[in-house]
1. When only the heavy atoms of the protein chains count and the probe is 1.4 Å, how do Ile44, Ile38 rank by accessible area, highest first?
2. With r as the distance between the Cβ atoms of Leu76 and Ile40 and R0 = 25 Å, compute the FRET efficiency 1/(1 + (r/R0)^6) and round to 0.05.
Amino acid sequence: MIYGPMIFGLLFGMVVGSQIKTGNIKDTKFTAASYVIIIIAGLIVAWQLGEFPFYDKLPVARGFVFALIGILLSKLIFARSS
């Protein structure tokens, strides 16, 4: 198993997710339903991207999935509110 895309995707997702603000701004209200929609849309995009031809174990792009996981984890850990 090649860990490079997974580690880079997770780190990139953590950096991007830590910079997203979800405060009391009227235009950006993240609820539980919005997180579910983001996860579903991210998995669909990762499935459509597929893996590189020589990474043939899973039908999804692992780097993209781990970036999505990194974004959601950093929102839980670093939670910027304003």
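1. Numbers: Ile44 95, Ile38 65 Å².
Result, largest first: Ile44, Ile38.
2. Numbers: r = 18 Å, r/R0 = 0.73.
Given R0 = 25 Å and the Cβ-Cβ separation, E is 0.85.
The values are calculated or read from the model by the stated rules, or taken from the named source; none is laboratory data. Every value quoted in this text rests on a predicted model; they were computed, and no experiment measured them. Cβ atoms come from the backbone with ideal geometry, glycine included; neighbour counts cover every protein chain shown. Quick note on the areas: whole protein, heavy atoms, side chains included, nothing else; ligands and nucleic acids left out. Shrake-Rupley method; radii C 1.70, N 1.55, O 1.52, S 1.80 Å.
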